[in-house]
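*Asks:* I have a structure I would like to understand better, so I am pasting it below and will then ask my questions one at a time.
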Amino acid sequence: VEAWRWIMNSEHTPSVLVLSRQNLPTLDRSEYGAASGVHKGGYILKCAAPDGNPDVILIASGSEVQLICGAYDILLKKGIKPRLVSMPSFNLFEQQTDDYKESVLPKGIRARVGVEFAGDFGWGHYVGLDGKFVGMKTFGESAPLSRLLEKFDFTAERVANVAEEVVGDLSDESQPKKRMRKN
């Protein structure tokens, strides 16, 4: 509804709604951020860090959002504080102020995972050099969503594992390197 509302108020921008034929869960907006954030192209769905500094940012658009929502709970149980970001439009997000973009995707949080059933085109800008992408490398698969999720291992567990990997890699990097002593 929010995307439709934005399109109806947009006078100078060509727009398209891309809909899924799959049955997807509806987000409980009392638990997740308001859908009105859609008009900004990207917005925080949920953040486990009260200080606004999560351990990792999980970013998804459309039907992939269900995966990052599932990964959120898995990561919390492991002591990792995630932030969930819904990114329905790179283009709209880039039109926001730098302050807004920084509030959603702080540059200081390098642990990031992008999740997209399609290819990784454009995601590098948001996951950065230290982040990882969970997505497909092929095109043209058609089947019921549950079969595709299973075939390509698109699961909340996989997203959580990749996030944990990214956090671990950056933690290892911040530890002092041991130097070899010569005898």
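*Asks:* Counting trypsin sites (Lys or Arg not before Pro) as exposed when in a DSSP loop with at most 15 other beta carbons within 10 Å, what is the longest stretch of the chain free of them?
*Replies:* 30-77
*Asks:* Under a crude label model (7 Å from the Cα following the beta-carbon direction), how far is SER171 from ASP51 in nanometres?
*Replies:* Placing both labels 7 Å beyond Cα along the Cβ direction yields 1.6 nm.
*Asks:* While we're looking at this one, here's another question. Determine the share of the stretch 33-183's accessible area contributed by carbon and sulfur atoms, expressed in whole percent, with a 1.4 angstrom probe.
*Replies:* Accessible surface attributable to carbon and sulfur in the stretch 33-183 totals 52 percent.
*Asks:* To make sure I understand the rule: partners must be aspartates and glutamates, Cα under 12 Å from the Cα of LYS81, and not fewer than 8 residues away in the same chain. Which ones qualify?
*Replies:* Qualifying aspartates and glutamates at Cα under 12 Å: ASP51, ASP55, ASP73, GLU164.
*Asks:* In terms of Cα to Cα distance under 13 Å, which aspartates and glutamates are near enough to LYS137, apart from those fewer than 8 places away along the same chain?
*Replies:* GLU116, ASP120, ASP153
*Asks:* Right, something else. Roughly how many Å² is the accessible area per residue of the chain, as a whole number, for a 1.4 Å probe?
*Replies:* That works out to 63 Å² per residue.
*Asks:* Under 1.5 on a/c is rounded, so check that first for the chain, then, if it is not, pick prolate when a/b is larger than b/c and oblate when it is not; a ≥ b ≥ c are the square roots of the alpha carbon gyration tensor eigenvalues.
*Replies:* Values: a/c = 1.87, a/b = 1.47, b/c = 1.28.
Prolate.
*Asks:* Amide H of VAL134 versus every other amide H placed in the peptide plane: which residues, excluding those fewer than 5 positions away on the same chain, fall under 5 Å?
*Replies:* HN-HN under 5 Å from VAL134: GLY114, VAL115, GLU116.
*Asks:* Go through 162-170, 64-72, 88-96 and give me the packing order, highest mean Cβ count within 10 Å leading.
*Replies:* Descending mean neighbour count gives 64-72, 162-170, 88-96.
*Asks:* With a cap of 11 neighbouring Cβ atoms within 10 Å, and only residues DSSP puts in a loop, list the chymotrypsin sites (Phe, Trp or Tyr not before Pro) found in the stretch 97-155.
*Replies:* In loop regions of the stretch 97-155 (DSSP not H, G, I, E or B), the sparsely surrounded chymotrypsin sites (Phe, Trp or Tyr not before Pro) are PHE121, PHE139.
*Asks:* When DSSP beta bridges are limited to those with both residues in the stretch 43-120, what percentage is antiparallel, rounded to the nearest 5?
*Replies:* Beta bridges within the stretch 43-120, antiparallel portion: roughly 30 percent.
The values are calculated or read from the model by the stated rules, or taken from the named source; none is laboratory data. Computed from a prediction, not measured in an experiment: that's the story for all the values here. With ideal geometry, Cβ positions are generated from the backbone for all residues, glycine too; neighbour counts draw on all protein chains shown. For accessibility, only protein heavy atoms count, side chains too; no ligands or nucleic acids. Shrake-Rupley method; radii C 1.70, N 1.55, O 1.52, S 1.80 Å.
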